[in-house]
């Protein structure tokens, strides 16, 4: 009986204390590329959010703006770009709260979205894998609600033309974005499952 009580207390402490949380979604973008968006949050929902875009198969030239929404409200954070090295540096991008618009920038309140864009429309060149990362973002839930980014296929930086990728997600499944989506189990769920399996021998001994 004592072992069962100890196991129950341990299970409860992991289930309701500050367990790390994560979410991941992926899809094709309709322009020959694909993306994976992922979150890694602590128990207080302070998160690192990563948008990885594989542009190897895209015929469009640059990505000039990216946006993501986790939960219903995203606050703060710093922004960085890595991967495909040619194109603008992170320091030349503007970080804001807002939604993507057809001019490859961000505008409006964005309903809790994090948005970043290159104000001179140079962007980062396609042809490889690009990784956009927001660090230290406070959210109210770790589920990914929306992913968006824009290819600029304009003839010059003064006349950008935004090809918008805009995907909304419900329970990690997209209803308005081409391709397939995948769902990755949260670490907390996997931990609880593992603890449950670990407790089976104790329950069997008790019954015997």
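The values are calculated or read from the model by the stated rules, or taken from the named source; none is laboratory data. Here the structure is a predicted model, which is why all the values come from computation and not from measurement. Cβ coordinates were reconstructed from backbone atoms using ideal geometry, including for glycine residues, and neighbour counts include every protein chain displayed.
Given (1) at pLDDT 85 or above; (2) more than 20 Å from the chain's Cα centre (by Cα), identify the lone condition not met by residue 29.
(2)
In the range 42-57, which residues are over 17 Å from residue 82 (Cα atoms) and surrounded by fewer than 19 Cβ atoms within 10 Å (Cβ to Cβ)?
If the condition is that a residue be over 17 Å from residue 82 (Cα atoms) and surrounded by fewer than 19 Cβ atoms within 10 Å (Cβ to Cβ), then 42, 43, 44, 45, 46, 57 are the ones that fit.
A quick yes/no check of all residues on (1) modelled with pLDDT of 85 or more; (2) touching a helix residue (DSSP H, G or I) at 6+ places or on another chain (Cβ under 8 Å):
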| position | (1), (2) |
| --- | --- |
| 137 | yes, no |
| 143 | yes, no |
| 165 | yes, no |
| 171 | no, no |
| 183 | no, no |
| 193 | no, no |
| 196 | no, yes |
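Identify all residues within the range 19-37 that are part of a strand (DSSP E or B) and either touching a helix residue (DSSP H, G or I) at 6+ places or on another chain (Cβ under 8 Å) or without any contact (Cβ under 8 Å) to a residue 24 or more places away in the chain (or both); write none if there are none.
21, 22, 36
Which residues, taken from the range 44-79, are over 17 Å from residue 126 (Cα atoms) and not in a strand (DSSP E or B)?
Residues satisfying the conditions are 44, 45, 71, 72, 73, 76, 77.
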